[in-house]
Amino acid sequence: MPISRRDFLKYTSMAAAGTAVSLSDAELFSHLFAISPEPHEDVNYIPTYCEVCFWNCGAVAAVVNGKVKKLEGNPYDPRSRGKLCARGNAGVGELYDEDRLKHPMIRTGERGDGKYREASWDEALNYAAEKMTKIKNEYGPESVAFMMHGGITTHLMNLGKAFGSPNFGFPSYGQCRAARMVAYDLTYGADVGSPERVDMANSRVIVFFGTHLGENMHNSQVQDFTEALGSRAKIIVVDPRFSTAAGKADHWLPIRPGADMALMLAWINIIISEGLYDREYVDKYTAGFDELKESVKEYTPEWASKETDLPADIIVETARELGRYAPSVCVHPGRFTAWHGNDTQRERCIAILGAILGTWGREGGIYLPTKAPLAGAAGMSYPVPSRASIAKGPHAFAQPQLMQAVRRTTITADPYPIKAWVVAGTNILRAVPNPAKSIEAIMKLDLLIAIDIRPLDTAMMADVILPECTYLERHDALKIDRGVSLSVGIRQPVVEPLYKSKAGWWICKELGNRLGVGGYFPYETYEDHIKKECAAMNIDYDELTRVGTKFYPGTDNPYITNENQPVFKTPSGKIELYSSRLAEQGFAPIPKYNRIEQPEKGWFRLLSGRSPVHSFSRTANNQKLFELFEENVLWINAKVAFSMGIRDGQNIILVNQDNIMSEIIKAKVTQRIRNDCVYMVHGFGAKSRLLSRAYGRGADDSRLMTRFIADPISGSTGMRVNFVRIEKA
């Protein structure tokens with residue numbers, strides 16, 4: 001059943017007013033499901049929130065005789081608004097995947113040869129705890145690193161901190177959002193959040209720099225983008241590839257890869273020199289405008305045209321479009337920002353563009369988060385590690401969450417050894433560039449513990465494998481959403497865990513008991529913990545379990561007014577166009593353009609991105625999604641393919657600058673990509689034979705990324721610096 005934005009507002013108003021609570025479970029949700037139950041079927045409608053990707057959309061499961069029959073979006077949830085994408089609908093495929101990990105396993109062969117024996121939970125947990133304790137006694141707790149993604153993060157962070165380790169790694173940081181987070185913090189004193197607080201539904205102009213919305217199916221943002229298209233917002237897409245979003249654009253700017261900053265700086269120059277900036281906003285809220293104005297004078301449209309391969313008149317025209325419709329302009333800050341190693345300064349350019357156009361805190365730009373207070377349970381006090389985290393690397397402004405820094409220290413033992421990894425919900429061999437280095441690090445470990453749902457490549461390198469149940473079978477932390485309004489969502493089991501799998505919170509609690517830190521898990525069940533949190537927040541727990549998402553009425557105040565002024569937690573208390581913090585650390589306080597290396601003739605820059613029906617390598621084996629998208633293909637410019645005698649669908653192999661060969665991949669010959677780059681979807685080329693559908697399908701882009709350039713400011717791993725040549729298979 002289609003649900004419009006107006007319907008969503010109606011539903012959330014009902015939830016806020018308590019009207020929804022008076023409805024029966026069937027009245028709340030049955031209308032969402034197009035399929036009527038069979039006669040005499042007893043259908044239970046149970047809300048939760050999704051984890052097939054990490055947008056965490058509110059979902060509702062229709063459960064018949066203990067089996068999930070169908071999933072739909074929760075109309076009371078701000079991230080789904082009654083709709084799920086293909087991945088969300090395929091949660092059933094994850095739940096009933098016959099390939100999922102079914103019981104604990106302990107390695108019996110050589111590391112990586114796939115030989116395991118089944119173990120009881122007691123045996124597997126005792127094994128893991130004894131090994132961790134031994135390493136702690138010999139090397140210190142800092143020698144155990146914890147790396148994770150997804151719902152288990154809350155529980156595993158609790159365990160790691162209680163254990164005494166400061167070393168954590170997140171692929172969602174160094175391989176994704178780090179550059180953006182640091183850039184916005186330097187400029188505005190705060191990141192734009194996750195989900196990003198982009199007010200696209202009210203934008204007059206939307207700009208995407210390599211953001212593949214529509215291929216990256218971030219549910220609520222795709223809905224906002226669609227609404228903006230319906231309102232005839234101007235769309236400008238800057239991308240070497242004609243993406244799905246480019247197909248909707250008024251202006252597709254097929255820029256030379258790596259020249260984005262040249263275009264941004266030229267736009268800033270044009271907007272300032274032609275007086276198109278928001279003078280009053282700049283005077284009131286920003287610092288360093290004069291320095292910015294002087295710094296960007298050299299970036300003329302004619303100069304930028306040579307750098308970007310874009311016509312100078314188009315550069316001027318699009319800049320004027322931004323100025324004409326300011327401040328209702330959304331220059332999307334992006335999400336995957338680990339490109340070329342200069343990524344923090346590129347993201348600073350986006351942040352500065354938004355500032356001079358006056359978009360922060362303005363309708364159609366970046367809205368302000370709700371300021372509503374929310375009481376909660378008291379936090380834990382953890383032991384202070386005796387040694388500093390190595391997960392920050394040498395990067396001045398990085399958070400200590402860099403997986404590549406953990407990997408490097410594991411190999412070098414400098415400044416101290418890392419002897420064990422606890423890896424949960426992330427496939428490091430696909431998520432971090434250059435998997436050969438990850439394998440080198442793993443082979444140096446005394447212990448690798450994997451907590452996962454699927455037998456992914458990294459899990460099958462582990463010494464002990466602990467099978468986690470899916471999100472449809474477990475409780476997790478409450479989802480606190482500080483978007484336009486404050487809302488709280490619950491993840492709760494809709495069916496009992498299958499096989500011998502266990503919830504992540506239970507695994508961490510039981511491991512904590514065996515490590516002598518069980519006091520940090522002061523509950524028998526996680527439901528007990530959630531009930532206590534709800535009581536502290538003054539939330540009716542029973543109501544929350546029935547509705548799925550609780551809205552707090554009157555907590556929205558998204559735009560700047562005389563009574564609602566923004567707060568910038570920067571040294572100047574203003575938006576810092578000139579960053580004093582960067583200057584103090586020896587970096588350019590205002591972004592400067594430096595040309596990056598370009599491929600020689602016969603070589604192509606390797607680009608990768610997302611499929612709308614997959615979430616990295618974690619869904620490649622999901623039967624429902626496999627049927628929609630079995631494997632990735634390589635986009636090649638049609639003229640290039642013709643000159644090389646390559647046909648559409650032909651098997652080819654890529655060889656990178658370090659002579660690393662890809663798996664065989666099919667060519668997609670298209671005019672929708674420049675002639676100096678090639679493109680594939682990330683997450684394929686699985687090596688685990690236990691993945692009956694994904695094994696050997698497509699090519700692994702991370703394998704070809706044998707080099708990356710770490711951004712010196714944020715530590716973000718620039719991965720679009722690898723070149724490949726094409727050979728016929």
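The values are calculated or read from the model by the stated rules, or taken from the named source; none is laboratory data. Remember, predicted model here, so these are calculated numbers, not experimental data. FYI the Cβ positions are ideal-geometry reconstructions off the backbone, even for glycines, and counts take in every protein chain you see. The accessibility values were calculated without ligands, DNA or RNA, using every heavy atom of the protein model including side chains. Shrake-Rupley method; radii C 1.70, N 1.55, O 1.52, S 1.80 Å.
Let me know the charge dipole size of the chain about its Cα centre in debye, to the nearest 20, where only the beta-carbon of Lys, Arg (+1) and Asp, Glu (-1) is charged.
Roughly 1100 debye, rounded to the nearest 20.
Any lysines with Cα under 19 Å of the Lys248 Cα? List them, leaving off those in the same chain fewer than 8 positions away.
Excluding near neighbours in sequence, the set is Lys234.
Of the beta bridges DSSP finds with both residues in the chain, what % are antiparallel, to the nearest 5?
In the chain, DSSP labels about 50 percent of beta bridges as antiparallel.
For the range 512-604, state the semi-axes of the equivalent ellipsoid (square roots of 5 times the eigenvalues of the alpha-carbon gyration tensor), sorted largest first and rounded to whole angstrom.
Semi-axis lengths for the range 512-604 are 45, 28, 19 Å.
Report the accessible area of Arg197, computed with a 1.4 Å probe over the heavy atoms of all protein chains in place, in Å² rounded to the nearest 10.
Accessible surface of Arg197 is approximately 20 Å².
Could you work out the pair-distance distribution P(r) of the range 417-548 from its alpha-carbon pairs, with 10 angstrom bin width and percents rounded to whole numbers?
Values per bin, smallest distances first: 11, 32, 30, 21, 6, 0.
Is the shape of the range 72-187 rounded, prolate or oblate, going by the alpha carbon gyration tensor and its root eigenvalues a ≥ b ≥ c, with a/c under 1.5 for rounded and a/b larger than b/c for prolate?
Oblate, since a/c reaches 1.5 and b/c is not below a/b.
Can you spot the lysines whose alpha carbon is less than 25 Å from Lys161's alpha carbon? Ignore those fewer than 8 places along the same chain.
Once the sequence-local lysines are set aside, what remains near Lys161 is Lys131, Lys134, Lys136, Lys392, Lys419, Lys444, Lys479, Lys502, Lys509, Lys531, Lys532.
Could you report the accessible area of Ser295 in Å², rounded to 10, computed with a 1.4 Å probe on the protein chains as they sit in the structure?
Around 20 Å² of this residue is reachable by solvent.
Write down the radius of gyration of the range 353-419 and its Dmax, each obtained from C-alpha positions, in Å.
Looking at the range 353-419, its Cα Rg and Dmax stand at 19.8, 51 Å.
Per residue, how big is the convex hull around the C-alpha atoms of the chain? Give it to me in cubic angstrom, could you?
Taking only Cα atoms, the chain has a hull volume of 156 Å³ per residue.
Give me the one-decimal Kirkwood hydrodynamic radius in Å for the range 495-650, with the sum taken over alpha-carbon pairs. Could the numbers behind the result be given before it?
Details: mean 1/r = 0.0414 Å⁻¹.
Over the range 495-650, the inverse of the mean reciprocal pair distance is 24.2 Å.
Putting +1 on Lys and Arg Cβ atoms and -1 on Asp and Glu Cβ atoms, find which of Thr211, Ala259, Val384 reaches farthest to the positive end of the dipole of the chain.
Ala259
Which value at 222 nm does the chain reach when only helices count, each DSSP H run of 4 or more adding -39,500 (n - 2.57), with the total divided by all residues and rounded to the nearest 500 deg cm²/dmol? Don't skip to the answer; put the middle values down first.
Details: 24 runs with 217 residues, N = 729.
It comes out at -8500 deg cm²/dmol, rounded to the nearest 500.
Mind checking the dipole of the range 478-602: about its Cα centre, +1 per Lys or Arg Cβ, -1 per Asp or Glu Cβ, Debye to the nearest 20?
Its charge dipole is roughly 440 debye.
Run the dipole for the range 196-271 about the Cα centre, Lys and Arg Cβ at +1, Asp and Glu Cβ at -1, nothing else charged, and hand back the magnitude in debye, nearest 20.
200
Applying 1/(1 + (r/R0)^6) with R0 = 56 Å to the Cβ-Cβ distance of Lys728 and Ser572, what FRET efficiency is obtained, to the nearest 0.05? Don't skip to the end; give the middle numbers.
Values: r = 58 Å, r/R0 = 1.04.
Calculated value: 0.45.
Using a 1.4 angstrom probe, figure out how much accessible area the chain has per residue, in square angstrom, rounded to the nearest whole.
Values: 27100 Å² over 729 residues.
About 37 Å² of surface per residue is accessible.
If the viscosity is 1.002 mPa s and the temperature 20 °C, what Stokes-Einstein diffusion coefficient in µm²/s follows for the range 148-254 when Rh is the Kirkwood radius over Cα pairs?
My calculation gives 133 µm²/s for D.
If you wrap a convex hull around the alpha carbons of the range 498-538, what volume per residue comes out, as a whole number of Å³?
Residue-normalised Cα hull volume stands at 73 Å³.
Using the charge dipole of the chain (Lys, Arg: +1 at Cβ; Asp, Glu: -1 at Cβ; taken about the Cα centre), state which of Gln623, Leu71, Ile575 has its Cα farthest towards the positive end.
Sorting the options by dipole projection puts first Gln623.
Sorting Ser381, Ser389 by accessible area (1.4 Å probe), largest first, what list results?
Ser381, Ser389
How much length is gained if the chain between Ser580 and Leu628 is pulled fully straight, taking 0.36 nm per residue apart and subtracting their Cα-Cα distance, in nm to one decimal?
Full extension of this stretch gives 12.3 nm more.
Could you tell me the number of lysine pairs in the range 65-119 with C-alpha atoms less than 30 Å from each other, where the two lysines are 8 or more residues apart or belong to different chains? Intermediate values should be presented prior to the final figure.
Values: Lys67/Lys83; Lys67/Lys102; Lys69/Lys83; Lys69/Lys102; Lys70/Lys83; Lys70/Lys102; Lys102/Lys115.
Value for the range 65-119: 7.
Which residue, chosen from Pro522, Leu466, Ala503, occupies the Cα position most advanced towards the positive end of the dipole of the range 447-536, where the dipole is computed from +1 (Lys, Arg) and -1 (Asp, Glu) charges on Cβ about the Cα centre?
Looking along the dipole axis, the top candidate is Pro522.
Quick one: which of 680-693, 361-374, 169-182 comes out on top by average Cβ neighbours within 10 Å, and what's the full order, highest first?
169-182, 680-693, 361-374
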